[in-house]
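I have placed the structure first, in the form of structure tokens, so that the comments after it can refer back to it.
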């Protein structure tokens, strides 16, 4: 991995992902700057979601590494990667639809309870592992610290919902929300894990133009107010061009271009592989 003068929150270093004889992503390299909004675009099947799945531990890369700051994370399982500060949403909405809005956020905070497991207790305990396990057992039986933690989590969930304009829905079943609000709830649930890096997989899918504009403004607000870096996949080019500071373009698993929106929409390779001629002179505010 090369040293960067600019501070990068993530570096993907010569990453390849093969499934048998199929090469889904080949020799992919990217550096994500802290605080930026980076877009990843390309035709269906280009390997975009595969890259997200490697970053979040769903797949282990065939070759190369993924670094979060200076730490290699591609050898870890998804729940550990959540601890490191990476959260994501999915193409298809995956809410707990019978649970309330606020319960969906509290469910996302469950990963914090791993800090009370025996192996975690051992980090602060000088006794034997059996003694640490006994301590964890009795803390669980008598719910020591449980109610305080639950109150803190609920307060944080309400804070996130308020910031996203969803506090009025907190006690409603998630499945009863309009489609656009369910999309926002998925983002809110990801934010509940207090990420450094937020991955959004087609967040504007299925939205009408006014909803897409509102989401664009919301993503900027999230980046600024929650101090997170955003890496997103999207097919809505007005959304991508109007929101992202840099864009990476994939085709058949390989990067064919990277640059600012105005550079991407006039790039001949991108026009041929994905955008088409109509985007060449489009100005997006």
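Is it the case, given these coordinates, that residue 234 is within 30 Å of residue 160 (Cβ to Cβ), in contact with a helix residue (DSSP H, G or I) (Cβ under 7 Å, 6 or more places away or on another chain) and in the same structural domain as residue 33 (by TED's automatic domain parsing)? Step through it out loud before you land on a result.
On the way: within 30 Å of residue 160 (Cβ to Cβ): yes; in contact with a helix residue (DSSP H, G or I) (Cβ under 7 Å, 6 or more places away or on another chain): yes; in the same structural domain as residue 33 (by TED's automatic domain parsing): yes.
So residue 234 passes the test.
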Filtered residue count, the stretch 193-202, keeping only those that are surrounded by 23 or more Cβ atoms within 10 Å (Cβ to Cβ) and under 20 Å from residue 162 (Cβ atoms): 1
Hits in the stretch 58-93 - residues which are more than 16 Å from the chain's Cα centre (by Cα), without any contact (Cβ under 8 Å) to a residue 40 or more places away in the chain and either part of a strand (DSSP E or B) or not assigned by TED's automatic domain parsing to the domain that holds residue 207 (or both): 71, 72
Residue check for residue 96: surrounded by fewer than 20 Cβ atoms within 10 Å (Cβ to Cβ) and either on the phi > 0 side of the Ramachandran plot or within 15 Å of the chain's Cα centre (by Cα) (or both): no
Qualifying residue in the stretch 33-41 (condition: farther than 15 Å from residue 199 by Cα, touching a strand residue (DSSP E or B) at 6+ places or on another chain (Cβ under 9 Å) and modelled with pLDDT of 95 or more): no
Residue in the stretch 125-135 that is modelled with pLDDT of 90 or more and surrounded by 14 or more Cβ atoms within 10 Å (Cβ to Cβ) present: no
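Quick check on this structure: which one of 104, 115 is within 27 Å of the chain's Cα centre (by Cα), within 22 Å of residue 189 (Cα to Cα), at pLDDT 75 or above and not assigned by TED's automatic domain parsing to the domain that holds residue 30?
On the way: 115 fails: at pLDDT 75 or above.
Within the list 104, 115, the selection yields 104.
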Pick from the stretch 58-88, criterion at pLDDT below 95 and closer than 25 Å to residue 182 by Cα, ranking: surrounded by the fewest Cβ atoms within 10 Å (Cβ to Cβ): 79
Residue 160 being at pLDDT below 95 and out of contact with any strand residue (DSSP E or B) (no Cβ under 8 Å at 6 or more places or on another chain): no
Number of positions in the stretch 171-185 that are surrounded by 17 or more Cβ atoms within 10 Å (Cβ to Cβ) and outside any helix (DSSP H, G or I): 1
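The values are calculated or read from the model by the stated rules, or taken from the named source; none is laboratory data. This is a predicted model, so every value here is computed, not measured. Every residue, glycine among them, receives a Cβ derived from its backbone with ideal geometry; neighbour counts consider all protein chains shown.
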